[in-house]
Each structure stands twice: as structure tokens, then as C-alpha cells.
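Q: One structure, pasted below without further comment.
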Protein chains: 2
Amino acid sequence: MKTLIVYAHPEPRSLNSSLKDHAVSTLETAGHEVRVSDLYAMNWKAVVDAADFGPNASNPLNVAHDSGRAFKAGTLAPDILAEQEKVLWADTIIMQFPMWWYTMPAILKGWVERVFTFNFAYGVGEHSDARFGDRFGEGTLVGRKALLSVTIGAPEPHYAPRGIQGPIDDLLFPIQHGILWYPGIEVLPPFVVFGTARMTSEDYPDIAKAWEQRLLTLESTEPIPFRPQNFGDYEMPSLHLKEGLEPAGRTGFGLHVRG
Amino acid sequence: MKTLIVYAHPEPRSLNSSLKDHAVSTLETAGHEVRVSDLYAMNWKAVVDAADFGPNASNPLNVAHDSGRAFKAGTLAPDILAEQEKVLWADTIIMQFPMWWYTMPAILKGWVERVFTFNFAYGVGEHSDARFGDRFGEGTLVGRKALLSVTIGAPEPHYAPRGIQGPIDDLLFPIQHGILWYPGIEVLPPFVVFGTARMTSEDYPDIAKAWEQRLLTLESTEPIPFRPQNFGDYEMPSLHLKEGLEPAGRTGFGLHVRG
């Protein structure tokens, strides 16, 4: 495998950093190639703006349109081009981050906003009443897999189906389905460590072992069966899931996972 | 009302900017006080790091713990203190932003991460097996209301209950429930403009009129009835919703809205 780890935590002695380091050593020892984007260490610019698009920034600025023009013309900012090159190099992408306010840290969200430009990650294919783009299972990044490795301060029951924070699968859906599956990346079940607020270093060996087992079986792990957009499951042009396709009682985000 | 508008868009001639300006003029004309945090214009630092906590940054850095110590000691960075002062001044908070990759822009997420510090917005109250903090309806920011004003490129059906992007209420839940209701802010139903990718300036007057009507009726609008954590709806210590409280067939995030 060629694995890109996109890592977002400010502290090199954090649990997130340890999990990132453990992924690097585990995968390299197993003969895989690994590259790391350590966003805090890189002082990654988190905010998309006109400076990202060089001479293709229009006035008034149109983020989607201008990012696509700059992508095609090769005038995106060098830090964006470097990350796009890593994404294209990789067959496997791991995002390592702490859950902050129910989603990824701003610095990682800013990585997505700046790197996943129009034409690179979205805005491809026919857009009409008959077809609405090559996305959700098709698209420019098909052939890749991704995995979220997430730490969460609160205990696991709070994220259960009836837990007050909402089900963890639903909280991760906008990332797994909306950011990764959208440009065609298959998503493996996430690796989530709960209850970190009350952990000590004595808890780490078991976590590291579980993480190692996930890493060493990535190639044989089945992805989450998100529904592809353009293969008959959805009405057009509404993109509503056709009636009756879902398992009984399933609603919400879960509709878009095959039963 | 004293309204704080937290606004996140890079282009002053955008729809988002127009909606922000229209909110300012509508509310001021009606006799209300308004302040605006224009995050792009302020060059808002989107990334939380040790520099935010002054002498209270510990080594290794602990974002939650250190932010609480710095809050109590008054050593948070000046830009954070200024925003906390605005939040405490306001009785109504409007977040005006475009939906980018299924959530708020990174610059606004970074506003939440840096301004909503420990002790200011979370980490208050008893934490035990009998009670898990003053939050979700209680907390430090009780007495305030908030409203999301969001623009979305794609058409509304894609965000319907069976739409491929997932229901809009579920996409906004981590913000409305997880960020706003968590520290005690009541959340009014969002103002969402769909289909902006294909809009022209001819569509604007109707949008502005609908927005104006929402703004002028904010004080009489009923908030979303999110369940409070500590008033009998949840089991302890699991924080699972008690069996039978939900309307028939409701699952997922929707469990945490009273029927």
C-alpha cells in the first residue's frame, strides 16, 4: 500500500501523535510506503481565500469556479499542489484527528476545503436532470480507500444509537460520505477511541494493539457499503432514495448505506 | 435585541455578505443593536494552538485544560477575549455561512474551537455517575438564542429526508445541538437558502424578503425543542434517551428533539 496519513493535532506527545507514529512504524515494518501530512507542524493555512488561486482568482471571488480554473491551469498555491500530489500518489488515506465539537479540527477541515478543489474532487461529469455529476462512488479519486482514526474524550455510551451526542456513525457521516465517498474514495469502518478524557498511559498498550490489528488488515477490510449515486438506487432529478430499498425502520443518513 | 452576527465568507459581494448586510440594516432599523464579526475581514486565526493560552499553555499542551486555565486567569489571546465579550454581550447570535463540505467553513469552526474554551462554554458543573456537567440546555450561555443562516449550492430535494446528501436537519444537528445547545443556547429553526449554484441576482429580492421576515419575528419564534440533559429524559450514567420517550419511528439525531 501507499498510505497518506493526514494528521491534525498540535501536541507531539498526544495520543493522536502516538497513534500516527504507530501507524507509520506498523505499516513501514509491513513493507508499505507511508507519507505524513502533519498539518500543525506544517503550519498549514486553514483558510481558503483568493491567494490560493493565483492569477485565476476572479473578482468577485468565486471559490468553486476559481479553484477549478486554477487547478486546470496549474496555478494553485504550492502547498495545495503538494497535497494534491500526495492524494494522487496514495491508494490509502488515513485521517488521524481528535473529535472537537463533533467533527474534525478546523485545520483539517481547511485541508479539505483547500485541497479538494473543483475538478480535482468535485464538479466532474454531466450535470443535468438525467445525471448529477460523477460522485458518490464515482469521480476523480476512485480506486482509493480511506479510514478515519478518531479520538473522543467522552465515554462510548454517549455516542450509542440512543446516546445524547448522537450515534457516532451519524456524526462521521458528513466526513465519510460527504467528503470521502463523494469523490469516489471507499471508506473503511472507522477506528474510534472513546473515553480519552479519563485515560492514563496504562491504557495505551491495548489501544495500540487494536490499532495495529486494524492497520495490518486494511487490505482485507470491507468498506462501508455506501450507495453509489448513479446505479439505480436514486430517483432523478430529486436524488431521493427509491422507496423500499432500505431495511425496515432505517431512516436518515443510514438510508445511504446498503442493508 | 443585542445581536452578534458571526459571518464567514471571503467575498464582500457574495450572497452571504448581502444576507449579513441585510440582517444588520433590518435589525438596526427595527431598533435593535447589532455587532458583526466578519471573520475573513478580521483575518481570524482559525487554528487553536499554544499561543492562544499565553503563560497557561502547559507542556505537553492540553487544549481543553489549558484553555480553561487561561480563561480563568484572563490570559487568553486578545482576539479570543474580544469574541467572548461579544458573545456575553449578545442575547442573539446569528451564524451566517455557506455550507462547505457539509458543514461550516474552517474559519468559523476555528472561531468555535478558540472562543468556546473550557469553563467559558464547556466543562462546567458536576461530572459524576449521577450528573455529567451542566450542558445541553444548561450551562454558561443560558438565556441566549442562536440562528444559523446557511447557503447551499445544491437543490433542496437533495437534502430532503430521503435525499442523497442526508436531511438538512441532521447535517446541522452537530452545530445546532452539539455547539449551540451544549452551552445552553436555544436554537431557532435555521434559515437555509438552497440552490445557490444556479441563482441569479433576479432571485435575490425574494430571498431578502424571506430573510427579513425571519429577522423581524425572531423574538416570537419558538426554538427547536432539543431535550435538556438533566431533567429526566436520559438514563444515567449512559446518557441514553429513556425508552419510549420518542415519537414512533424516530431514530438517530431526531431522538434528541422532543416530539
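The values are calculated or read from the model by the stated rules, or taken from the named source; none is laboratory data. Quantities reported herein were computed from a predicted structural model and do not represent experimental measurements. Ideal geometry is used to build each Cβ from the backbone, glycine not excepted, and the neighbour counts take in all protein chains shown. All accessible areas refer to the heavy atoms of the entire protein, side chains included, with ligands and DNA or RNA removed. Shrake-Rupley method; radii C 1.70, N 1.55, O 1.52, S 1.80 Å.
Q: Which condition from (1) more than 10 Å from chain A (Cβ to nearest Cβ); (2) open to solvent by 20 Å² or more (accessible area, probe 1.4 Å); (3) closer than 21 Å to residue A:167 by Cα; (4) not hydroxyl-bearing (Ser, Thr, Tyr) is the one that residue B:183 breaks?
A: (2)
Q: Could I ask something else about it? Just checking, does the range A:200-219 include any residue being in a loop (DSSP other than H, G, I, E, B), within 13 Å of the chain's Cα centre (by Cα) and more than 14 Å from every other protein chain (Cβ to nearest Cβ)?
A: no
Q: Can you name the residue in the range A:8-30 that is open to solvent by 20 Å² or more (accessible area, probe 1.4 Å) and part of a loop (DSSP other than H, G, I, E, B) and, of all such residues, is farthest from the other protein chains (Cβ to nearest Cβ)?
A: The qualifying residue farthest from the other protein chains (Cβ to nearest Cβ) is A:30.
Q: Do we have residue A:70 as modelled with pLDDT of 95 or more, farther than 30 Å from residue A:223 by Cα and within 10 Å of chain B (Cβ to nearest Cβ) here?
A: Values: modelled with pLDDT of 95 or more: yes; farther than 30 Å from residue A:223 by Cα: yes; within 10 Å of chain B (Cβ to nearest Cβ): no.
Spelling it out, it is not the case that residue A:70 is modelled with pLDDT of 95 or more, farther than 30 Å from residue A:223 by Cα and within 10 Å of chain B (Cβ to nearest Cβ).
Q: Show the residue pairs meeting these rules: Cβ distance below 6 Å; 6+ apart or different chains; first residue within the range B:18-44 and more than 20 Å from residue A:49 (Cα to Cα); second residue of a type in the set (Asp, Glu).
A: Every condition considered, the pairs that remain are B:26/B:212; B:34/B:28.
Q: To continue, here is another question. How many residues does the range B:224-256 hold that are in contact with a Pro (Cβ under 8 Å, 6 or more places away or on another chain) and either open to solvent by 60 Å² or more (accessible area, probe 1.4 Å) or part of a loop (DSSP other than H, G, I, E, B) (or both)?
A: Number of matching residues: 5.
Q: Collect the residues in the range A:157-171 that are in contact with a strand residue (DSSP E or B) (Cβ under 9 Å, 6 or more places away or on another chain) and more than 12 Å from residue A:226 (Cβ to Cβ), keeping them in residue-number order.
A: Within the range A:157-171, A:157, A:158, A:159, A:160, A:161, A:162, A:163, A:164, A:168, A:171 meet the criteria.
Q: If residue B:197 satisfies all but one of (1) at pLDDT below 95; (2) part of a loop (DSSP other than H, G, I, E, B), what's the number of the condition it fails?
A: (2)
Q: Sort through A:226, A:231 and tell me the only one that's among the aromatic types (Phe, Trp, Tyr) and out of contact with any strand residue (DSSP E or B) (no Cβ under 9 Å at 6 or more places or on another chain).
A: None of the other options fit; the residue is A:231.
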